[in-house]
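Input: a single structure, listed below in structure tokens.
The values are calculated or read from the model by the stated rules, or taken from the named source; none is laboratory data. Values in this document were obtained by computation on a predicted structure and should not be read as measured data. Neighbour counts are summed over all protein chains in view; Cβ atoms, including those assigned to glycine, are modelled from backbone coordinates with ideal geometry. Calculation scope for accessible area: heavy atoms of the full protein, side chains included, ligands and nucleic acids excluded. Shrake-Rupley method; radii C 1.70, N 1.55, O 1.52, S 1.80 Å.
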Amino acid sequence: MDIALEEEAFEPASPSSQYLNSSNLSLCVIAVLESKIPIEYEESLPLNLLKDVFVPINPRFSSIMVTGKKGTRKWKRVEVNYKDHIKTPIFPSEKPLDFYDECFSNYISNLAMEQFPQNRPFWEIHIFKYPTNDAAGSIIFKLHHSLGDGYSLMGALLSCLQRVDNPSLPLTFPSRQRTTLSSKDKAFSVLKVVPRFFKGIVNTVYDFGESILKGTFVEDDRTAIRSGDEGVEFRPIVVTTKTFSLDSLKQIKASLNVTINDVITGIVQYGTRLYMQGVNQESCNGKCTALVLFNTRALGGYKSVNDMIKPNSDMPWGNHFTFLPVSLPKLTNLTKRDHSSINPLAFVQKAHRMIDRKRNSASVWLTSKFLDTLRKLRGPEATARFIHGSLKNTSMGLTNLIGPVEEMALANHPVKGLYFMVTGVPQSCSVTMVSYVDKLRIAMVVEKGFIDPNKLKSCIDYAFDSIFKAAVKSSPVAT
């Protein structure tokens, strides 16, 4: 929507906001909060919550994106008509849980395909009052990705929630422990600086080149998880979820001396390859790349929204992330030494080496500079086309968020579980993860009619079991 504007009257939209809300790319985040108790809906309840808590969090929640005289995109403040943003679907009452499961699945699929109107703020709340096999009711938040990334939007949602045990206390998050090196280890690490420096240069050149090629010419094979069709982002989806114990994941982490992110990436990659093998033996080892999303902030936990929007904040509001392409290991390359069977731990170890190498190369910085240069030379639409190509040419996306360690409630409704997904992505498969209390919830978003969600979930479940048993068996403390 092009509107002639006085340039000084509006807040400039960041480059990433423009990329993510363009004719070439439009991404949304859908977060689902599952209630432990039936949702007692009163119209004034969500209205007061939105007016008093949610919308005041950030001016973007009461703004629309418009185009100025010079073609620049800006945020324009508008009056919010709250009734336009609160949706309460109606279905037949007193039906079996399986019936409402199907209603909920179809509702999410339709919601994912709908585009936000450009003449009102880019968010909605949907209150699904009906019980399913997972929850007594669900509250669905849909927010456009141009408003902020998962870190920002999670911070906004958490501002509306309270701790169940003590609402006066803030929610807390798992600490990120760093390994402390001894003086001997520090001295040894100094000797490794020079070779690592030159190795880093080589890795940077390779990774940056790979990122550029993925956004332009080079694409993955068409396999059981990648249709490669044009317009796949506009097709119906199916969402299925799986819950894992964080304690079990930590056992694997400790046994292999890796991160939780490495563990879950390895599990998903192994499960995905098993699914591909089960569907099509011939293409099960086809070229597949996962785009792993990393937050570029110096993360140490969530900051309050007030801290995020301060000038020069070390964890600012907005979109601060990058995609790192990580190749899925082939099943034939990760067999045991005697070639008798697949070594499941190799997927986690491979994920650890690949992610660690890519995170420590300068390709992230170079890619960011490349996108900025592309925007300046050819405009945000050309940059959005490049990002769209990077997504379309790869097979799947992986992203995760850290949730609170305490149980939380929304308007006195205890939250049993939560998960999120990114929609509008030109891929047939994406996987998102979020921790909550002592669990990790994985959501698998797949192209409807192309990928069997239940089979994929069972393959990932099998991958977890195999990796957990192998890690516990190989642990020095195992008995």
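Kindly provide the set of residues from the range 381-402 that are among the polar types (S, T, N, Q) and within 11 Å of the chain's Cα centre (by Cα), ordered by number.
Passing the criteria: Thr399, Asn400.
When the residues of the range 79-107 are filtered to those that are open to solvent by less than 80 Å² (accessible area, probe 1.4 Å) and among the aliphatic types (A, V, I, L, M), which remaining residue is farthest from His144 (Cα to Cα)?
Leu97
Residues checked against (1) among the polar types (S, T, N, Q); (2) on the phi < 0 side of the Ramachandran plot; (3) surrounded by 15 or more Cβ atoms within 10 Å (Cβ to Cβ):
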| position | (1), (2), (3) |
| --- | --- |
| Leu371 | no, yes, yes |
| Val415 | no, yes, yes |
| Ser430 | yes, yes, yes |
| Asp465 | no, yes, no |
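Matching residues to (1) under 24 Å from the mean Cα position of the chain (by Cα); (2) at pLDDT 90 or above; (3) of a type in the set (S, T, N, Q):
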position	(1), (2), (3)
Arg60	yes, no, no
Lys76	no, yes, no
Glu79	no, yes, no
His85	yes, yes, no
Glu94	no, yes, no
Leu111	yes, yes, no
Glu114	yes, yes, no
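For every residue, the table says whether it meets (1) surrounded by fewer than 20 Cβ atoms within 10 Å (Cβ to Cβ); (2) in a helix (DSSP H, G or I); (3) at pLDDT 85 or above.
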| position | (1), (2), (3) |
| --- | --- |
| Val348 | no, yes, yes |
| Arg353 | yes, yes, yes |
| Arg357 | yes, yes, no |
| Ser361 | no, no, no |
| Lys376 | yes, yes, no |
| Thr383 | no, yes, yes |
| Ile387 | no, yes, yes |
| Ser390 | no, yes, yes |
| Gly403 | no, no, yes |
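Kindly list, by first and then second residue, each pair from a residue in the range 14-35 that is closer than 17 Å to Thr399 by Cβ and basic (Lys, Arg) to a residue that is in a helix (DSSP H, G or I) and open to solvent by less than 10 Å² (accessible area, probe 1.4 Å), limited to pairs with Cβ atoms under 8 Å and residues at least 6 apart or on different chains.
So the pair list comes out empty.
So in the range 111-120, with the set limited to residues that are open to solvent by 80 Å² or more (accessible area, probe 1.4 Å) and of a type in the set (S, T, N, Q), which one is farthest from Ser146 (Cα to Cα)? Give the steps one after another, and end with the answer.
Taking the range 111-120 as the starting set, the residues that turn out to be open to solvent by 80 Å² or more (accessible area, probe 1.4 Å) are 114-115, 119.
Subsequent filtering for residues that are of a type in the set (S, T, N, Q) retains 115, 119.
Values: Gln115: 13, Asn119: 15 Å.
Top of the filtered list is Asn119.
With (1) open to solvent by less than 10 Å² (accessible area, probe 1.4 Å); (2) at pLDDT 90 or above; (3) of a type in the set (Ser, Thr, Tyr) as the list, and Tyr436 as the residue in question, which single condition is left unmet?
(1)
Please determine, by comparing only the residues of the range 203-262 that are assigned to a strand (DSSP E or B), more than 17 Å from Leu328 (Cα to Cα) and not charged (D, E, K, R), which one is most open to solvent (accessible area, probe 1.4 Å).
Only one residue tops the list, namely Thr243.
Of (1) closer than 24 Å to Ala411 by Cβ; (2) open to solvent by less than 10 Å² (accessible area, probe 1.4 Å), Asn133 satisfies all except one. Which?
Asn133 satisfies all of (1) closer than 24 Å to Ala411 by Cβ; (2) open to solvent by less than 10 Å² (accessible area, probe 1.4 Å) except (2).
Filter the range 48-78 down to the residues that are of a type in the set (A, V, I, L, M) and either loosely packed, with under 15 Cβ neighbours inside 10 Å or not in a strand (DSSP E or B) (or both) and list them by number.
Leu49, Leu50, Val53, Val55, Ile57, Val78
Could you please let me know if Asp262 is of a type in the set (Asp, Glu), out of contact with any helix residue (DSSP H, G or I) (no Cβ under 9 Å at 6 or more places or on another chain) and either under 24 Å from Ala471 (Cβ atoms) or touching a residue at least 12 places away in the same chain (Cβ under 8 Å) (or both)?
no
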